1. When we measure straight from the Cα of K29, which aspartates and glutamates land under 14 angstrom away, once same-chain ones fewer than 8 places off are left out?
2. Using a Cα-Cα cut-off of under 18 Å, which aspartates and glutamates could be cross-linked to K74, ignoring same-chain neighbours fewer than 8 residues away?
3. Pull out the extension gain between N95 and L28, defined as 0.36 nm times the separation in residues minus the alpha carbon to alpha carbon distance; nm, one decimal.
4. What per residue convex hull volume, in Å³, do the alpha-carbon atoms of the chain yield?
5. According to the Cα gyration tensor, what semi-axes, each the square root of 5 times an eigenvalue, does the equivalent ellipsoid of the stretch 54-98 have, listed from largest to smallest in whole Å?
6. Rounded to whole Å, give me the distance from the Cα center of the stretch 32-98 to that of the stretch 1-31.
7. Straight-line reach from K52: which lysines fall under 19 Å, measuring Cα to Cα and dropping same-chain residues less than 8 apart?
Amino acid sequence: MDLSWILVIAGAIFAAIYLVYGMMDSRLKAMEKQLADMQKTIAAINSGEPLKEPPVNERLRQLVQNGKDVEAIKMAREHLGLSLLEAKRYVDSLNGSK
C-alpha cells in the first residue's frame, strides 16, 4: 500500500471523528442547558415559588394555531433543548392546554 492510500484513509478517519465529535458536542450543550433549567425549576419548587411557564410557549401556541406545527417543534427543540420526540410531545401538550 503506498503513502497516498494511507493518507486518504487517515483523512477519512479524521473527518469521521470530527463529525461525530461535533454532533456529540452540540447534544452535550443541549443536555447541559436542560439540566440548568431543571436545577432552576427544582430551586423554585423548594423555595415555594409558583412555577413559571417558559416564555417561548406563547409563540409556540401561535405557531400551532397557524398550522405551523413543524416550525413550533423546531423552536421548542432550540429553546428548550429537547429531542425531536420530546419537542413533539411538548408542542402537542401545549395544543391541548389552550
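1. Candidates past the 8-residue exclusion: D37, E78.
2. Within reach: E58, E86, D92.
3. Extra length available between N95 and L28 comes to 21.3 nm.
4. Output value, Cα hull per residue: 122 Å³.
5. The answer is 14, 10, 10 Å, longest axis first.
6. Cα centres, the stretch 32-98 to the stretch 1-31: 34 Å.
7. The reachable lysines, counting only those whose Cα sits under 19 Å from K52, are K33, K40, K98.
Laboratory data are not the source of any read-out in this text; all were calculated from the coordinates shown. Note that the structure is a prediction, hence the values are computed from the model and not measured.
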